[in-house]
Amino acid sequence: MKRISPTLNPEPGFLILGASSAMARAIAAGLAQEGYGLYLAGRDVADLESTAADLQLRYGVPVFSGPFDAIGTATHQAFFQTVIETLPALKGVVVAFGTMTEQTEAERDFPAAEAMIASNFTGAVSILTHVANYFESKGTGVIVGITSVAGDRGRKSNYVYGSAKGALSLFLQGLRNRMFHCGVRVITVKPGFVDTAMTYGLKLPPIVAPPEVVARDICRAVKGSADVVYTPFFWRYIMLVIKLLPEFVFKRLKL
Ligand SMILES: NC(=O)c1ccc[n+]([C@@H]2O[C@H](COP(=O)([O-])OP(=O)(O)OC[C@H]3O[C@@H](n4cnc5c(N)ncnc54)[C@H](OP(=O)(O)O)[C@@H]3O)[C@@H](O)[C@H]2O)c1
């Protein structure tokens, strides 16, 4: 991990969890462009170090990196302590990690389903417990949680992944309700299809967004006041229609 003395590093910063994906990289670039220092955390430490060096050079902000595994919940408290020692003016945290196992595998093999639930939901609950308690003690902070439109309604083609994301959306909603009273913002981000490694090779409709659109919408949300962000914006309307379909109709569809 790259380290400098905290006293040399008073800039407000963001921690990005699961920082080696194309989406997280675009978010990191967007936040660095806004002048925020960064702590990039994830499993591929070598990749994070090179991204950190690149962002630091491009945007002139301090960028640190270090190992983080969402599933290793026993390590989360010590990990977060290291982050706040490194970036003492921590302003926000972006939860960008997640996995999507094929539905057919998840519905036949419980350990595969359980691993996906851990990397999308229980891992996020664990790290956000430490983050929320820290921000609550400071009376400030922004938590950005990336869930998915897949969490808005269970569909046969991806309901195990969707249920993990839906659970995360509900967790963030409750956390927002709790944290509102102490000056901490919680933003739920629900992307539609995004062109990343996660969707590589899948048969997708022709409305796949580049990761930069998600990053732009997140940076806007951090500056604004939105609680729930659909990205791109039109997914709000698509999901509204999908959510309004009565169950006796919905269960007959092949979605
Ligand atoms: N792409 C889409 O269409 C789409 C749509 C809606 C929501 N999302 C959500 O957006 C977020 C970013 O996804 P993406 O599309 O950029 O997918 P991606 O390219 O597959 O990236 C997922 C990221 O999560 C990290 N990760 C996975 N398991 C982890 C763990 N146990 N601990 C720490 N990091 C872990 C990965 O790190 P490694 O490199 O170490 O594997 C990678 O950096 C995810 O939460 C995803 O569910 C994606």
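The values are calculated or read from the model by the stated rules, or taken from the named source; none is laboratory data. Computed from a prediction, not measured in an experiment: that's the story for all the values here. So basically every Cβ, Gly included, is an ideal-geometry build from the backbone, and we count neighbours across all protein chains shown.
What do you reckon, is L170 of a type in the set (A, V, I, L, M), more than 11 Å from the ligand (Cβ to nearest atom) and part of a loop (DSSP other than H, G, I, E, B)?
Working: of a type in the set (A, V, I, L, M): yes; more than 11 Å from the ligand (Cβ to nearest atom): yes; part of a loop (DSSP other than H, G, I, E, B): no.
Taking the combined requirement at face value, the residue does not satisfy it.
Considered as a group, the residues in segment 2-33 that are farther than 25 Å from S126 by Cβ and modelled with pLDDT of 95 or more include one that is nearest to the chain's Cα centre (by Cα), and that residue is A26.
Looking only at segment 183-199, residues that are buried (at least 23 other Cβ atoms within 10 Å of the Cβ) and either without any contact (Cβ under 8 Å) to a residue 12 or more places away in the chain or near the ligand (Cβ under 6 Å from one of its atoms) (or both) come to 2 in all. Inclusion of A112 among residues that are of a type in the set (A, V, I, L, M, F, W, C), over 20 Å from the mean Cα position of the chain (by Cα) and surrounded by 15 or more Cβ atoms within 10 Å (Cβ to Cβ) is warranted.
Looking at segment 140-159, which of the residues that are assigned to a helix (DSSP H, G or I) and within 11 Å of the ligand (Cβ to nearest atom) is surrounded by the most Cβ atoms within 10 Å (Cβ to Cβ)? Looking at residues that are assigned to a helix (DSSP H, G or I) and within 11 Å of the ligand (Cβ to nearest atom), I get A150. Of all residues in segment 38-78, those satisfying the criterion of being closer than 22 Å to I117 by Cβ, within 18 Å of the chain's Cα centre (by Cα) and small (G, A, S) are A41, G42, A70, G72. Screening G72, G42 for residues that are within 25 Å of F121 (Cα to Cα), modelled with pLDDT of 95 or more, surrounded by fewer than 23 Cβ atoms within 10 Å (Cβ to Cβ) and within 11 Å of the ligand (Cβ to nearest atom) leaves exactly one candidate, G72. The residue list I71, I84 contains one member that is touching a helix residue (DSSP H, G or I) at 6+ places or on another chain (Cβ under 8 Å) and over 28 Å from G154 (Cα atoms), which is I84.
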